[in-house]
Each structure stands twice: as C-alpha cells, then as structure tokens.
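Peer 1: Before I ask anything, let me first share the structure, which is written out below as structure tokens.
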Amino acid sequence: MASPRAYWKGSLKLSLVSCPVLLYPASTSSEKTRFHMINKETGNRLKQQMIDSETGDVVESDQKGRGYELKKGEYVEIEKEELEAVQIESNHTIDIDSFVPRDEIDKRYLNNPYYIAPDGKAGADAFAVIRDAMKDQDRVALARIVLTNREHIIAIEPLGKGLLGTTLRFPYELRDEDDYFGDIKSPRISKDMVELASHILDSKAAHFDPSKFKDEYENALKTLVRRKAAGKPVKAIEAGDKPDNVINLMDALRQSLKGGRGSAKRGRHAPARRAAPRRTAKKAHRSAARARKAG
C-alpha cells in the first residue's frame, strides 16, 4: 500500500532541540456519500455561474474580486496583492511555546486533528525525547504553526509511537455560553429524582468504544444509491410514533428505570446489579423453608 502523502513538512522545535516532522490529517470526509447537481432531462452535471446580484449578468472570471461588507450593500474591495501582503509566510517550524496540564484545555477550543510523525531517521532520537518527556509529565505542548497562510495554535500530545496535534480555535471564534444558558431556570429538584436518574445512568454505564458508532443516515444513503443504480424500487421509511409529552417527571424516571432493567436488548452491555443475586438467593431460601414445613 502506498504511504500517505504528508499535508505539511517542517521541524518540531523545543528550545534548541529540533527534528524534521510530517503532518497528516487525522480525519477524513472522503468516505461520505456526496451528490452532484445534474440536469434531470440529460443526466449531465450542472456548472454554477457567478451572477451580479443587481444586474443579473453573468460575471466572468477576470471580473471577480473580493470585498468586505462595511454596511448593507456597501463593500470595500481588497486587491489580491493587498491580501497577499498580510498573509503569513510559513517558516515550516512548529515552535513550542509552553506545556500545560491536559485537563486545563477547554474542549470547545479543539478544532482539527493531525498525526505528527518523524521525517526520516535523522531526527528520530529528538522526536522520541520530546514525545516521552510529555508522557512523563502528562502535559500538552502549545505551539504555533502556519497552515494555508494563517497562523494557528496547535496542541501536541503523545499518541502511541507518534504525536497528535490538534489545532485550536481562537477566543473570538467561540460563542459565549451565557447567551444560550442565561435564561435556563434553576428549579428545585428533589433528592429522590436525582437518585432515580443516577440509577438510570448506572444501568447504562459503558466504556467509550467508537467502533460501535454507526452512521445510520450514511448507511441508508448507500443502500438508496445501490438500489437506484440496480433499478430496484425504493421503499419509503415509515415515520415512528412521536413520544408522548412527559406529564409527571417522577413517573417517567421510574418507568425509565424499569425499562432499563427489564430490556435484554438495552441491558446486554450494562453491568449487572450486585443486589439482584442476594434477593434471588434469599427468595430461594424462603421457598425451601416453606417446602420443609409442608413436608
């Protein structure tokens, strides 16, 4: 199998220690089913054209430009040369600035993941030293990297024999949670309700296993395409019943707990409750005692 093509080449630098590295995207969307716009009469693919929003005329490629909207309908044009003047040239270096505790990184800042591997044997020792030092300290490196003419902050941590680099969002890219949570009420919840909800959580306890993730919509799209390509009829999926509105929260919690215990399908991977065997044993003991009395 051909080796994957590197997305970025450069050096990983920690103070005076540096080593050549390669960056590879750790995620892909190439396997997702995609559709193209086509002419239903000819079956040919359609091409999009740029249209002037006011005149309706088709705009040719040499007439296209970039503009920033100052106010509604008013733009300041930015020339290609002006844009290039402010773009950051890559120095092909991942420059480590600091090391932070792993649990201090807010997950909302995590953006795109990359695999970082040593480039050849020359810097393998330095790469291993930096990787293993982070393992010992359980810390994540924060560094700067230039990708597509923009500087990014990248969090780097050990992953197997290599490193995982995840670009981070800047603070201005995050929305303030108070805008969405500010109006949430704080009702008084009884201790019994919380305990019942905790029991439901216990009945569904599991370990993180992404191999069990199933993209049902993607699978349905693939089936749809295969059947259409083979000239087979496509059946419409029947809509399921809508759940009733919850009237009594305590009753809903109790029913949920009963459902979790009684359903073999749901409870297959859930840990067994320890109290159940003792109850069963006690019940069996009482039955045996009654039988001896009757005899």
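The values are calculated or read from the model by the stated rules, or taken from the named source; none is laboratory data. Computed from a predicted model, the values in this text were never measured in an experiment. Here the Cβ is made from the backbone with ideal geometry for all residues, glycine too, and neighbour counts use every protein chain on show.
Peer 1: Grab the strands (runs of 3 or more DSSP E) fully contained in the stretch 1-78, keeping just those with 1 or more residues being exposed (fewer than 10 other Cβ atoms within 10 Å of the Cβ) and aromatic (Phe, Trp, Tyr).
Peer 2: Qualifying strands (runs of 3 or more DSSP E): 66-71.
Peer 1: Related question: Determine whether the stretch 166-175 contains at least one residue that is over 21 Å from the mean Cα position of the chain (by Cα) and among the charged types (D, E, K, R).
Peer 2: Scanning the stretch 166-175, I find no residue that is over 21 Å from the mean Cα position of the chain (by Cα) and among the charged types (D, E, K, R), so the answer is no.
Peer 1: In addition: Taking only pairs six or more apart or across chains, which ones have beta-carbon atoms under 7 Å, a first residue in the stretch 56-73 that is within 24 Å of GLU84 (Cα to Cα), and a second residue that is part of a loop (DSSP other than H, G, I, E, B)?
Peer 2: VAL59/MET50; VAL59/ASP52; LYS64/MET50
Peer 1: Taking the condition of being on the phi > 0 side of the Ramachandran plot and not assigned by TED's automatic domain parsing to the domain that holds CYS19, how many residues in the stretch 51-94 meet it?
Peer 2: Matching residues across the stretch 51-94 total 2.
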